[in-house]
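Below is one structure, written out as C-alpha cells; the observations come after it.
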Amino acid sequence: KQWYQRRVAITAGVFGATSRMGRYLVNSLGQVGTQMVIPHRADPSNVLYLKLSGDLGQMHFIPGVDFNDIDALTEYVQYSDVVVNLTGRDRKCLHYSLKDSNVTLTHKIARACKDAGVPTFIHMSHVNANHDSISEFLRTKALSEEVVLHELPDAAIIVRASDCFHAFDRFSHYLARHNQKHFSVRQGYTSLYKKGLETLKQPVYGVDVMTGIKNIILMNDEDRKRLYQFVGPQEYTLQELVKVITGMTLRPYQPVNNPIETLVMGNILQSQNYIRYQMVSDDVIPGLPGLEDVGITPANLLDVGLGWLRAYRNFWCTWDPMDGKRSDTSGNIFGSGEAL
C-alpha cells in the first residue's frame with residue numbers, strides 16, 4: 001500500500017534520454033510512476049534497457065525522430081506536463097556543429113513546447129555557460145539558455161550543473177586516462193595546464209543532478225525556482241582533483257607544466273576537452289538554489305568514484321579491497337593484491 005501511495009500522475013517528455021546521464025533521470029522518474037514519452041534517433045534495440053525503468057505501459061518510445069519537423073515535435077510533447085531537455089554535445093561531429101547540437105536543436109524543441117502549450121520546460125545547462133568563454137561548448141550553452149528563455153519566458157527552468165562524475169561520464173575518465181597514458185613513458189609525470197594550480201573545479205555527482213531534476217518536477221509550481229545551480233560539496237584545484245583520482249586508481253602522479261612541444265605539435269589548444277576540463281574554472285554564483293534546496297545531499301567523489309575508477313588500476317591492484325585501501329603489492333607476481 002505504501003508503494004502505491006508514492007505514485008504520481010505526471011507525463012514527462014524526455015529529450016536526450018539515451019545520453020550519458022539520461023538513464024539516471026528516466027530511472028528516477030520511473031520509480032515514482034511517471035509516464036514518459038522518449039523521442040530518440042537511436043536504434044530501437046539500443047534503448048531497451050530504459051524500458052526496465054518504468055511500469056508496464058508507462059514508457060513510450062518514439063524512434064527515428066526528425067528534429068527538423070516542428071509539427072512532429074509538437075505532436076510528441078502535446079500531452080506532456082513537463083518536458084526535460086538533456087540534448088547536446090561537447091564536441092562537433094561529422095554532420096552537426098556544436099551550435100547545431102546545443103542551440104538549434106534546443107530552439108526547435110522549445111518552439112514545439114511553446115506551440116503545444118507545455119506548462120514546464122526544464123533545460124540542462126552548464127555552470128560555466130558564458131558568451132565570452134574560451135570554450136566553444138560553453139559559449140553555445142549560454143546561447144541555448146537565451147533561446148529557451150526567449151521562447152518560454154514563463155515556463156522555462158534552467159538547471160546549471162558543474163562537470164559531472166559518474167560511471168559513464170567523460171570528466172573523471174578523461175582525467176584518469178590523462179594520467180594513465182604517462183605511466184610507462186614518463187612514470188606518472190602528468191602535464192596539466194599551469195600545473196593544475198590555477199583551475200578550480202567543484203564537480204557534482206551525475207545521479208544527484210538527475211534526482212534533483214526529478215524532485216523539481218514533483219514540486220508544486222509555486223515552490224519552483226527559475227534557475228538552479230547544482231555543484232558538488234567540495235572545491236578542488238585541478239592538481240588536487242587528479243590526486244584524488246590517482247589515489248583510487250593507485251597510479252603514480254606528479255603534476256608538471258604542459259611542455260611547449262605538446263601545445264604546438266599536438267594542437268592541444270584545439271581540444272575542447274582540454275579547454276573545458278583544464279583551463280576553465282567553475283564560476284559558482286553564491287546564493288542560487290542548489291541540490292540542498294531540492295532535498296539532495298550531494299555525494300563526494302571519494303565516496304562513489306571507486307566503483308568505476310578502479311578499472312584504471314594495474315592488473316595486480318584490481319583485487320584490492322572495495323574500501324580502497326592500498327595493499328602492499330611489491331613482489332607479488334600473482335596479481336592477487338596481497339603481499340607475499
Output yes when any residue across segment 184-200 is modelled with pLDDT of 95 or more and touching a His at 6+ places or on another chain (Cβ under 9 Å), and no when none is. no
Filter segment 24-43 down to residues that are open to solvent by less than 20 Å² (accessible area, probe 1.4 Å) and not small (Gly, Ala, Ser), then give me how many there are. 9
Do any residues in segment 108-125 that are more than 14 Å from PRO153 (Cα to Cα) and touching a residue at least 60 places away in the same chain (Cβ under 8 Å) have Cβ atoms under 7 Å from those of residues that are among the aromatic types (Phe, Trp, Tyr) and open to solvent by less than 10 Å² (accessible area, probe 1.4 Å), where the two are at least six apart or on different chains, and which pairs are they? ILE109/PHE15
The correct count of residues that are more than 30 Å from PRO153 (Cα to Cα) and of a type in the set (Lys, Arg) in segment 210-244 is 1
I'd like the full set of residues that are exposed (fewer than 14 other Cβ atoms within 10 Å of the Cβ) and among the aliphatic types (A, V, I, L, M), limited to segment 86-98. LEU94
Using beta carbons and a limit of 7 Å, which pairs, at least six apart or on different chains, have the first residue in segment 24-43 and touching a residue at least 60 places away in the same chain (Cβ under 8 Å) and on the phi < 0 side of the Ramachandran plot and the second one open to solvent by less than 10 Å² (accessible area, probe 1.4 Å) and part of a strand (DSSP E or B)? LEU25/VAL14; LEU25/VAL84; LEU29/ALA12; LEU29/MET36; THR34/ALA12
Quick one: is GLU146 within 21 Å of ILE285 (Cα to Cα), part of a helix (DSSP H, G or I), charged (D, E, K, R) and without any contact (Cβ under 8 Å) to a residue 12 or more places away in the chain? yes
PHE168, sole failed condition from (1) part of a strand (DSSP E or B); (2) within 15 Å of the chain's Cα centre (by Cα): (1)
Selection within segment 44-85 - in contact (Cβ under 8 Å) with a residue 60 or more places away in the chain and crowded, with 21+ Cβ neighbours inside 10 Å: TYR76, VAL77, SER80, VAL82, VAL83, VAL84, ASN85
When the residues of segment 171-203 are filtered to those that are open to solvent by 60 Å² or more (accessible area, probe 1.4 Å) and polar (S, T, N, Q), which remaining residue is nearest to the chain's Cα centre (by Cα)? GLN180
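The values are calculated or read from the model by the stated rules, or taken from the named source; none is laboratory data. Note that this is a predicted model, so its numbers are computed, not measured. Cβ atoms come from the backbone with ideal geometry, glycine included; neighbour counts cover every protein chain shown. Areas reflect the complete protein model, heavy atoms only, side chains present, ligands, DNA and RNA absent. Shrake-Rupley method; radii C 1.70, N 1.55, O 1.52, S 1.80 Å.
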